[in-house]
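I have placed the structure first, in the form of structure tokens, so that the comments after it can refer back to it.
The values are calculated or read from the model by the stated rules, or taken from the named source; none is laboratory data. What you are looking at is a predicted structure, and each value in this text was computed from that prediction instead of being measured. Cβ: placed from backbone, ideal geometry, glycine included. Neighbour counts: every protein chain shown. Side chains included, ligands, DNA and RNA excluded: accessible areas come from the protein's heavy atoms. Shrake-Rupley method; radii C 1.70, N 1.55, O 1.52, S 1.80 Å.
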Amino acid sequence: MACCLTLSDNSICRIKPLILLLLNLNICIEQISATSYLIPSELSNIDRPFFDDISPRNVSVVVDEIAILRCRVKNKGNRTVSWMRKRDLHILTTNIYTYTGDQRFSVIHPPSSEDWDLKVQYAQARDSGVYECQVNTEPKINLAINLQITANNDLEIINSNRRHYDSKARAKILGSAEIHVKRESTIALTCSVNTHASSVMWYHGSSIVDFDSLRGGISLETEKTDMGTTSRLMLTRASFRDSGNYTCVPNGAIPASVRVHVLTGEQPAAMQTSGARRSRGDTATIIFISIKILYISRLYIDVNPKGR
């Protein structure tokens with residue numbers, strides 16, 4: 001009996017370290033399992049994009065100056081950064097791409113930087129409002145910036161006082177100085193600049209042509225060639241409201257203007273050429289002379305019946 005007890009005690013003594021080892025191992029496994037549930041969420045919080053909010057939330061610039069709305073995104077990863085105009089929910093840019101026909105809007109993103117700044121050239125009073133820098137996380141995050149444009153827009157002042165032109169650099173709108181188009185047709189204006197202009201703006205009257213207006217159907221194509229710069233403005237479905245003076249304003253060059261008349265009816269007298277008027281006048285003269293000859297001939301026959 002004593003021998004059995006001794007053997008049991010020895011067995012227990014040998015097994016005890018193994019039991020303790022298994023217990024410790026089990027505790028470690030439980031801790032590792034618990035940690036494995038925590039790490040992803042902690043890492044996701046660390047890697048989640050956020051705004052480095054160092055820029056002002058209110059930006060104010062003078063009309064026709066450049067407005068810069070700053071947006072710095074940390075931990076962007078493969079997410080998309082977009083700029084949206086709040087008043088009409090129009091997406092202006094996505095990453096480095098511009099999704100508006102208004103070429104005044106673009107993104108400033110130096111390579112490998114965290115900055116995604118919205119640039120607005122030739123800022124106008126209608127550009128005032130709230131703009132949002134957005135990142136497509138889940139849920140989406142956004143940074144709102146209020147842009148305020150001050151002073152009045154005056155094309156004449158812009159042309160005479162606030163621009164310095166090279167006297168040899170000038171714009172020319174192809175065609176005549178007066179253009180007549182029918183209602184519901186397309187207005188197509190081509191501006192040729194004899195230099196490489198960094199930008200070309202179009203004005204209707206004293207306001208910059210609004211490519212994002214509710215009117216729609218407005219497009220602009222700018223092409224740089226060996227000879228200079230060509231800008232083509234097109235307005236589809238012309239209406240009477242599209243009539244007026246259009247000015248092509250290249251950066252650093254003398255602007256050019258053309259007057260557009262949108263006709264609401266048939267061809268007016270103003271469009272009739274002088275040749276057409278002369279043609280109708282000549283026809284009337286010929287008819288008159290013919291009648292006169294017939295009349296004289298009739299008189300001659302009545303007076304001289306033997307001459308029949």
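What is the sum of charges around Asp52, taking Lys and Arg as +1, Asp and Glu as -1, for the other residues whose C-beta is under 10 Å from the C-beta of Asp52?
Details: positive: Arg70, Arg72, Lys74; negative: Asp53, Glu114, Asp115.
With Lys, Arg at +1 and Asp, Glu at -1, the neighbours total 0.
Restriction of the chymotrypsin sites (Phe, Trp or Tyr not before Pro) in the stretch 63-104 to DSSP coil positions whose beta-carbon has at most 14 other beta-carbons within 10 angstrom yields Tyr99. Of the listed residues Phe240, Phe105, Phe50, Phe211, the order by accessible area with a 1.4 Å probe, largest first, is Phe240, Phe50, Phe211, Phe105.
Could you give the length gained on full extension between Thr222 and Arg126, defined as 0.36 nm per residue of separation minus the Cα-Cα distance, in nm?
Working: separation 96, 0.36 × 96 = 34.56 nm, distance 2.33 nm.
Here the segment from Thr222 to Arg126 would lengthen by 32.2 nm.
Just report the Cα centroid separation between the stretch 62-109 and the stretch 171-191, whole Å. Using only Cα atoms to place each centre, the spacing works out to 32 Å.
When the pairs Lys168/Lys224; Lys182/Lys224; Lys119/Lys168 are compared against a 27 Å limit on Cα-Cα distance, Lys182/Lys224; Lys119/Lys168 fall above it.
Tell me the net charge near Gly216. Cut-off is 15 Å between Cβ atoms, Gly216 excluded, with +1 for each Lys or Arg and -1 for each Asp or Glu.
On the way: positive: Arg215, Arg237, Arg241; negative: Asp88, Asp102, Glu184, Asp210, Asp212, Asp242.
Combined, the nearby Lys, Arg, Asp and Glu give -3.
Summing Lys, Arg as +1 and Asp, Glu as -1, what charge do residues with Cβ under 12 Å from the Cβ of Ile173 carry, Ile173 excluded? Numbers along the way, then the final one.
Numbers: positive: Arg170, Lys172, Arg232, Arg259; negative: Glu178.
It works out to a net charge of +3.
Using a probe of 1.4 Å on the protein chains alone, the accessible area found for Ile96 is around 100 Å². Between Ile108 and Glu184, residue separation times 0.36 nm minus the direct Cα-Cα distance comes to 23.5 nm.
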